[in-house]
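See below for the structure under consideration.
The values are calculated or read from the model by the stated rules, or taken from the named source; none is laboratory data. Just so you know, these numbers come straight off a predicted model, no measurement behind them. Cβ placement follows ideal geometry from the backbone for every residue including glycine, while neighbour counts extend to all protein chains displayed.
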Amino acid sequence: MYRLKKTVAMVGMMGAGKTAVGTQLAKLLKVPFVDSDEEIVKAADRSIAEIFERDGEAFFRDREFEVIGRLLRARPAILSTGGGAFLAPRNREQIAGHGVSVWLRAEPELLWQRVRHKTTRPLLRTANPRQTLLDLHAAREPAYSLADLAVDTAAEYSVEQMAIRVAEALKSRADVLEEV
């Protein structure tokens, strides 16, 4: 039995498994699971695409910062962040100050296999979505590499196996996860 002492922020690319693995990890650790994008949608009562269209990205990023801050200060939980959230230094700082970041590191080809048929990825609505994904991965990797912990994903790992892998990584941090 373990007790989570700080919120765990799952970071990484679309398709890395932040929501699926995060949900399973929350069940494993018997803590709440929260998704910053879902919380923003609830608070604004409109989709992220609508927020971007009506209010712009800067407005969205400000709401994202506020929501992540609120979630980090609540009861320790597993927090899935949007793919772009960890790129902002202010989000990285508040995650480091109040929680721990876990990068679900995935090869671009695996990400492509997971997201290529999804229509819910506005950033991939381009003439060449595969190249767009490769470009995003290359651009974002330096920021993701600043995460406190990195756990590699692979096609052969189930969601449950990935949750166990993340829990094992968290056990290396006594300030985050303690045996009770």
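State all residues of the range 5-22 that are of a type in the set (Ser, Thr, Tyr) and touching an Asp or Glu at 6+ places or on another chain (Cβ under 9 Å); if no residue qualifies, say none. Outline the logic, then answer.
Taking the range 5-22 and keeping what is of a type in the set (Ser, Thr, Tyr), we get 7, 19.
THR19 - this is the single residue of the range 5-22 that is of a type in the set (Ser, Thr, Tyr) and touching an Asp or Glu at 6+ places or on another chain (Cβ under 9 Å).
Of the residues SER145, SER101, SER158, SER80, only one is of a type in the set (Ser, Thr, Tyr), over 26 Å from LYS27 (Cα atoms) and modelled with pLDDT of 95 or more; which?
Values: SER101 fails: over 26 Å from LYS27 (Cα atoms); SER158 fails: over 26 Å from LYS27 (Cα atoms); SER80 fails: over 26 Å from LYS27 (Cα atoms).
When all the criteria are applied, what remains is SER145.
Taking only the range 1-21 into account, find how many residues are in contact with a helix residue (DSSP H, G or I) (Cβ under 8 Å, 6 or more places away or on another chain) and either buried (at least 20 other Cβ atoms within 10 Å of the Cβ) or at pLDDT below 95 (or both). Give the steps one after another, and end with the answer.
Here is the first cut: in the range 1-21, the ones in contact with a helix residue (DSSP H, G or I) (Cβ under 8 Å, 6 or more places away or on another chain) are 2, 4, 6-17, 20-21.
Subset that is either buried (at least 20 other Cβ atoms within 10 Å of the Cβ) or at pLDDT below 95 (or both): 2, 4, 7-17, 21.
Selection size over the range 1-21: 14.
Within the range 11-22, is even one residue in contact (Cβ under 8 Å) with a residue 60 or more places away in the chain, under 22 Å from ARG140 (Cβ atoms) and part of a strand (DSSP E or B)?
yes
Name every residue in the range 153-171 that is in a loop (DSSP other than H, G, I, E, B) and within 21 Å of GLU107 (Cβ to Cβ), in order of residue number. So that I can check it myself, show each step before the final result.
Within the range 153-171, the subset in a loop (DSSP other than H, G, I, E, B) is 153-158, 171.
THR153, ALA154, ALA155, GLU156, TYR157, SER158 - these are the residues of the range 153-171 that are in a loop (DSSP other than H, G, I, E, B) and within 21 Å of GLU107 (Cβ to Cβ).
Can you go through GLN131, GLN161 and tell me which one is over 13 Å from the mean Cα position of the chain (by Cα), surrounded by fewer than 17 Cβ atoms within 10 Å (Cβ to Cβ) and within 24 Å of TYR2 (Cα to Cα)? Even if it seems obvious, please write down each step before you answer.
Numbers: GLN131 fails: within 24 Å of TYR2 (Cα to Cα).
Matching residue, one of GLN131, GLN161: GLN161.
Which of the residues that make up the range 23-49 are within 17 Å of VAL67 (Cβ to Cβ), out of contact with any helix residue (DSSP H, G or I) (no Cβ under 8 Å at 6 or more places or on another chain) and either part of a helix (DSSP H, G or I) or in contact (Cβ under 8 Å) with a residue 24 or more places away in the chain (or both)?
Listed by number, the residues that qualify are GLU38, LYS42.
Which of (1) surrounded by fewer than 12 Cβ atoms within 10 Å (Cβ to Cβ); (2) of a type outside the set (A, V, I, L, M, F, W, C); (3) farther than 28 Å from VAL67 by Cβ; (4) free of Cβ contacts under 8 Å to residues at least 24 places away in the same chain does GLU93 not meet, given it meets every other one?
(3)
Looking at ALA174, ALA147, can you tell me which residue is under 24 Å from PRO108 (Cβ atoms), assigned to a loop (DSSP other than H, G, I, E, B) and out of contact with any Lys or Arg (no Cβ under 8 Å at 6 or more places or on another chain)?
ALA147
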